[in-house]
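Following this message is one structure expressed as structure tokens.
The values are calculated or read from the model by the stated rules, or taken from the named source; none is laboratory data. The structure displayed is predicted, hence computed values, not measured ones. All Cβ positions, glycine included, derive from the backbone under ideal geometry; neighbour counts span all protein chains shown. Just so you know, the surface numbers come from the protein's heavy atoms only, side chains and all, with ligands and any DNA or RNA stripped out. Shrake-Rupley method; radii C 1.70, N 1.55, O 1.52, S 1.80 Å.
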Amino acid sequence: NTTKESRQFTVPARICTPNVTEAKPADKQVGVPVKSNISVTFCKPMNTVATATAFSISPHVDYTVSWSDYNTVATLTPTKPLDYGTTYTVTISTKALSYANYPLEEPYTFSFRTEEERQPPQVVFTSPPNGAKDIPVVTDVKIQFSTPMDRDATTPAVIVSPKIAYEIFWEDGQLMVIRPLTPWQPATTYEVTIIGQAKSEDGLYMGKDYTFTFSTR
């Protein structure tokens with residue numbers, strides 16, 4: 001059959017509303033770093049101008065909006081870090097429009113919680129305690145920190161005055177032991193300082209010097 005013919009027909013326009021396929025941080029995610037961006041992925045290219053106005057964040061956050069992947073991914077970049085320990089709710093209203101100007105059928109909402117603020121390490125206990133008197137001349141000095149410490153940074157941060165030869169070892173990540181190589185001098189007040197350069201395993205410095213004293217018998 002060598003007959004050729006052609007026909008014309010019309011395909012009706014496909015009405016397809018956009019929807020959200022992914023949000024980052026994920027809904028109900030916790031421990032989100034305060035220096036995070038927020039991204040929303042749509043199933044199709046969006047009207048960037050209209051959709052940018054459809055976002056809202058509670059509590060209020062100032063941010064800029066950028067687009068990628070053929071205008072399917074919107075990235076919200078806060079102008080400053082988010083607050084620690086705060087639950088944020090992101091809402092995308094039906095003002096969000098696809099490239100063909102079809103709106104979301106219903107608002108899309110997700111929430112996340114930021115990380116808790118990390119506290120610098122602190123000295124929580126010493127033995128002998130500060131100001132103790134009549135301490136035996138053969139005594140270990142123990143210093144308990146609030147969190148596991150970076151031993152390489154904390155060990156050299158110890159200063160004992162008057163000077164005495166000693167060694168330092170750790171019973172665990174938080175408990176430092178100072179053991180004199182000779183007995184402490186009798187009837188002497190010693191001052192022990194941990195300078196602010198001591199830091200925790202996760203990199204936070206003490207920031208402030210900590211000093212305590214004790215007197216031998």
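Probe radius 1.4 Å, ligands and nucleic acids left out: which of TYR70, TYR190, TYR210 has the largest accessible area, and how do the rest follow?
TYR70, TYR210, TYR190
Which order do the peptides 159-165, 179-185 take when ranked by the mean count of other beta-carbon atoms within 10 Å per residue, highest first?
Put in order of decreasing packing, that is 179-185, 159-165.
How would the range 72-217 be classified by its alpha-carbon gyration tensor: rounded, prolate or oblate, with rounded meaning a/c under 1.5 and the a/b versus b/c comparison settling the rest?
prolate
Let me ask you something else. Starting from the residue with the highest accessible area, list VAL124, VAL40 in decreasing order, probe 1.4 Å.
From most exposed to least exposed: VAL124, VAL40.
Sorted by accessible area with a 1.4 angstrom probe, largest first, how do SER200, SER66 fall?
Values: SER200 0, SER66 60 Å².
The most accessible residue leads, giving SER66, SER200.
Suppose every K and R has +1 on its Cβ and every D and E has -1 on its Cβ; what is the size of the dipole of the chain about the Cα centre, in Debye to the nearest 20?
Computed about the Cα centre, the dipole is about 480 debye.
Set the bar at 32 Å for Cα to Cα. Now go through LYS44/LYS80; LYS24/LYS95; LYS4/LYS44; LYS80/LYS208; LYS28/LYS142 and name every pair that lies beyond it. Don't skip to the end; give the middle numbers.
Values: LYS44/LYS80 30 Å; LYS24/LYS95 20 Å; LYS4/LYS44 39 Å; LYS80/LYS208 27 Å; LYS28/LYS142 43 Å.
Over 32 Å apart, Cα to Cα: LYS4/LYS44; LYS28/LYS142.
Report the accessible area of GLU106, computed with a 1.4 Å probe over the heavy atoms of all protein chains in place, in Å² rounded to the nearest 10.
The accessible area comes out at roughly 130 Å².
Quickly estimate the mean residue ellipticity at 222 nm for the chain, helices only: each DSSP H run with n ≥ 4 gives -39500 (n - 2.57), and the total goes over all residues, rounded to 500.
-500 deg cm²/dmol
Determine ³J(HN,Hα), in whole Hz, for all residues of the range 202-217 in sequence, where each value follows from phi through the Karplus function 6.51 cos²θ - 1.76 cosθ + 1.60 and θ = phi - 60°; x replaces Gly and Pro.
8, x, 8, 7, 4, x, 10, 5, 10, 10, 9, 10, 8, 10, 7, 6
Hey, how much of the P(r) for the range 1-124 falls beyond 21 Å, as a percent of Cα pairs?
Tail of the P(r) past 21 Å holds 48 percent of the pairs.
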